[in-house]
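A.B. asks: Attaching a single structure in structure tokens format; questions to follow.
The values are calculated or read from the model by the stated rules, or taken from the named source; none is laboratory data. Values in this document were obtained by computation on a predicted structure and should not be read as measured data. Please note: Cβ atoms are built from the backbone with ideal geometry, for glycine as well, and neighbour counts cover all protein chains shown. Surface areas here come from the heavy atoms of the whole protein model, side chains and all, with no ligands, DNA or RNA. Shrake-Rupley method; radii C 1.70, N 1.55, O 1.52, S 1.80 Å.
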Amino acid sequence: MATLLPTRLWARLVPRWTLEPSRSKPGEAKIAVREVEHRYENKVEALRNISLDVHSGEFVCLLGPSGCGKSTLLLALAGALPPTCGRITIDGKPVKGPDPSRLLMFQDPALFPWMTVRQNLVFALRSKVRSRPRREETAARYVKRVHLDGFEGALPHQLSGGMRMRASLARALSMDPSVLLMDEPFGALDAQTKGQMQQLLQQVWVETRKTVVFVTHDVREALVLGDRVVVMAARPGRILKDFEVRLPRPRDPDDEAIVQYSRQIREALRSAEAPKGHAKDASAVPASGLSAGAAHPVGTGG
Amino acid sequence: MLFPTPVGVAESLIQMERDGRLWTGLGRSMLRLGKGYALSIVLGVPLGIWVARVPFLERAVKPVVLGLQALPSVCWLPLAILWFGLTEASILFVVVMGSLLAIAIATEDAVRRIEPLLLREAGTLGVRGLRLYAGVLLPGALPGILTGLKLGWSFAWRALMAAELIVVSGGLGQLLHYGRELLDVAQVVAVMFSIVAVGVTVDRVLFRAIETRVWRRWGLSETR
Ligand SMILES: Nc1ncnc2c1ncn2[C@@H]1O[C@H](COP(=O)(O)OP(=O)(O)O)[C@@H](O)[C@H]1O
Ligand SMILES: [Mg+2]
């Protein structure tokens, strides 16, 4: 039915959502990655020619299939892994070694198991806040922010996976890092908890406006959370596309725009994976009959 | 051969309890043990943590500790007597040498088995120096350290009895020694019984209680 309508008319009837490439912003970038390359000892080219600017207060998602170097790039940003080539600066200063001003979060909440939720926060805060009452007050504020009030005195093993992740997030935020780096933090959670964490993170981010670099292989997660989605491909690890997501928050993963955007991104990923000779054909002539959406491909880029 | 009757042993025990010899002996022994054991903990736990954290110490000190651990503690006594004479210090020395190494070895092992994720997290949170040692390494290794403390305690108790048999200076070991000199088999067996009772009580009551609490707090009770 749809295929019978002239394309232009179809376009007018159904709003088409198309992601646009990120525009370069004025002013100095908070995180500047310049021509970074990384090879592991086993000669795997984990990163090739990566250049990326992240501005203050931006939420950038690094999206790509497993093995495309997302974690490698994030570790380099954290200062946990010096890249073989290239330059990374944060606030104009070259990144050298780990620093509490750039906190790295993983799937594992890494809470100290013998400390209660409150004690975990207070303990971390001791390297930042001198006065004890101020530490307690800050801890209480962030526990509340992730909706864990009432569980201050609980031990990590008494909490669910999602609650542990929230406690871990509260601890990271309470340290007030200048950059928050997250490597698939919700990857181990069940779908429902994951959705709740995404909503919570959006809400917290709107309140705090931290600079966040968030790694994920989940397209919808990237679109729900990111101001920008940087799409990466593997072998060698490189940046394919850098999209800007201009949608109001809070965003819903089932939102029509997000569904369409994710189709566009999957398309980009698929054409990058296709054998070299076929890559162009694949994007120009989509396999017809797959679905209505595939019959009307969303153009890549502006 | 001389065999005691259960009634004879019980009578001897009651006799020693009545005239206070049992309590005096027990008190003296426990006081020494307390001192020696405390010294072993204060030296052994930091030594173990240190050896686990400093690669140089691991190469230099660990083989020595492991080697000396193979030496039965009573073998330290001749050396102790040459250095300190037949004194309290000799007994303490033997007790410390008997338990310190076991505590240090268990501590080292426990620190090594701390979840690497937690250590990395401590690093990214900027936890360093004393705060790392007292706030992360020590509590992180505590369940394993407790196992070492339990082992160390039983070693200390054995070393103490061996030393008290030779360096006569009060204590349960001396009661055992006198029993032998008086050919009083009932007394010998009664004192042996007391020694076992003390050992078992401390292990089952004191250590069990501490271990249960720590394991519950650390969230280990359900998983094992
Ligand atoms: N420590 C390492 N040593 C050798 N190769 C590694 C190491 N870590 C990752 N790699 C390789 O580098 C590539 C990128 O890995 P990674 O950054 O972990 O990807 P991602 O996080 O996107 O899944 C992969 O091919 C992976 O096998
Ligand atoms: Mg990864």
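A.B. asks: With heavy atoms of protein chains only and a 1.4 Å probe, what residues of the range B:194-224 have at least 40 Å² less accessible area in the full set of chains than alone?
C.D. replies: Flagged in the range B:194-224: B:217, B:218.
A.B. asks: What is the helix-to-structure angle for A:256-273, meaning the angle in degrees between its Cα long axis and the longest Cα principal axis of chain A, kept from 0 to 90 and rounded to the nearest 10?
C.D. replies: Once rounded, one gets 80 degrees.
A.B. asks: Right, here's the next one. Return the distance in nm (one decimal) between the two label points of a simple spin-label model at residue B:130 and residue A:40, each offset 7 Å from Cα along Cα→Cβ.
C.D. replies: Between residue B:130 and residue A:40, the label points sit 4.1 nm apart.
A.B. asks: Between the helical axis of B:172-181 and the dominant principal axis of chain B, each derived from Cα atoms, what acute angle in degrees is found, rounded to the nearest 10?
C.D. replies: Once rounded, the angle reads 30 degrees.
A.B. asks: Give me the inter-chain shielding for A:153-159: mean count of other chain Cβ atoms within 10 Å, whole number please.
C.D. replies: Values: counts 0, 0, 4, 2, 8, 1, 0.
Across A:153-159, the average partner-chain Cβ count within 10 Å equals 2.
A.B. asks: Short version: which residues of the range B:126-175 lose at least 10 Å² of accessible area, all chains versus chain alone, 1.4 Å probe?
C.D. replies: In the range B:126-175, residues shielded by partner chains: B:126, B:127, B:128, B:131, B:135, B:136, B:139, B:140.
A.B. asks: Can you give me the accessible area per residue for the protein assembly as shown, using a 1.4 Å probe, in Å²? Before the final figure, lay out the partial values.
C.D. replies: Working: 26560 Å² over 526 residues.
Ligands and nucleic acids excluded, the figure is 50 Å² per residue.
A.B. asks: Another question, if that's okay. What ranking, highest mean first, results for peptides B:18-26, B:35-43, A:142-150, A:209-217 when packing means the other Cβ atoms within 10 Å averaged over each residue? Don't jump to the answer; show the numbers that get you there.
C.D. replies: Values: B:18-26: 15.1, B:35-43: 19.0, A:142-150: 17.4, A:209-217: 21.6.
Output ranking for B:18-26, B:35-43, A:142-150, A:209-217: A:209-217, B:35-43, A:142-150, B:18-26.
A.B. asks: Quick one: how many lysine pairs does chain A have with C-alpha atoms less than 23 Å apart and a gap of 8 or more or different chains? Give me the count, please.
C.D. replies: Pairs that pass both the separation and distance tests number 28.
A.B. asks: Starting from the amide H of residue A:241, placed 1.01 Å from N in the peptide plane, find each other amide H under 5 Å away whose residue is 5 or more places distant or on another chain.
C.D. replies: A:231
A.B. asks: Considering only protein heavy atoms and a probe of 1.4 Å, how much of the accessible area of the protein assembly as shown is carbon and sulfur, as a whole percent? Before the final figure, lay out the partial values.
C.D. replies: Working: 15820 of 26560 Å².
Here it works out to 60 percent.
A.B. asks: Here's something else I'd like to know. With everything on Cα atoms, drop me the angle between helix B:208-217 and the longest principal axis of chain B, reported from 0 to 90° to the nearest 10.
C.D. replies: Helix B:208-217 and the main axis of chain B meet at about 10 degrees.
A.B. asks: Tell me what chain A gives for mean residue ellipticity at 222 nm when only DSSP H runs of n ≥ 4 count, each as -39,500 (n - 2.57), the sum divided by the residue total, rounded to 500 deg cm²/dmol.
C.D. replies: Numbers: 10 runs with 109 residues, N = 302.
After summing the helix terms and dividing by residue count, I get -11000 deg cm²/dmol.
A.B. asks: Just the accessible area for residue A:101, please: 1.4 Å probe, Å², rounded to the nearest 10?
C.D. replies: 50 Å²
A.B. asks: Only loop residues by DSSP count here, and only those with at most 10 other Cβ atoms within 10 Å; note down the GluC sites (Glu not before Pro) in the range A:39-112 that meet that. Numbers along the way, then the final one.
C.D. replies: Values: sites: A:41, A:45, A:58; in loops: A:41, A:58.
Sites meeting the loop and neighbour criteria: A:41.
A.B. asks: Take every residue in peptide B:108-120, count the Cβ atoms of other chains within 10 Å of its Cβ, and give the average of those counts.
C.D. replies: Details: counts 0, 0, 0, 0, 0, 0, 0, 4, 0, 5, 5, 1, 6.
Rounded to a whole number, the mean comes out at 2.
A.B. asks: At a Förster distance of 60 Å, what's the computed FRET efficiency of residue B:69 paired with residue A:134, Cβ-Cβ distance as r, to 0.05? Each step should come with its number before you reach the end.
C.D. replies: On the way: r = 48 Å, r/R0 = 0.80.
It comes to 0.80.
A.B. asks: Tabulate in residue order the Karplus-calculated ³J(HN,Hα) for the range B:114-126, using 6.51 cos²θ - 1.76 cosθ + 1.60 with θ = phi - 60°, rounded to whole Hz; enter x for Gly and Pro.
C.D. replies: For the range B:114-126, the Karplus-derived couplings read 5, 3, x, 4, 5, 5, 5, 4, 4, x, 5, 7, x Hz, x marking Gly and Pro.
A.B. asks: Here is a follow-up. Using a 1.4 angstrom probe on the protein heavy atoms only, line up B:177, A:157 by accessible area, largest first. The partial results should precede the final answer.
C.D. replies: Values: B:177 35, A:157 65 Å².
Correct descending sequence by accessible area is A:157, B:177.
A.B. asks: Let me ask another. Taking a probe of 1.4 Å and counting only protein heavy atoms, give the total accessible area buried between chains A and B in Å², rounded to the nearest 100.
C.D. replies: On the way: alone 15710 and 12720 Å², together 26560 Å².
In total, this chain pair buries about 1900 Å².
A.B. asks: Could you tell me the relative contact order of the range A:37-126? Use alpha-carbon pairs under 8 Å, at least six residues apart, and round to a whole percent.
C.D. replies: Here the relative contact order equals 20 percent.
A.B. asks: In peptide A:108-116, what is the residue-averaged number of other protein chain Cβ atoms found within 10 Å of each Cβ?
C.D. replies: 6
A.B. asks: Comparing A:64, A:27, A:226, which has the greatest mean-square fluctuation in the GNM of chain A with Cα pairs linked when under 10 Å apart?
C.D. replies: The residue with the greatest mean-square fluctuation here is A:27.
A.B. asks: With a 10 Å cut-off between alpha carbons and a GNM built on chain A, which of A:98, A:250, A:133 moves the most?
C.D. replies: A:133
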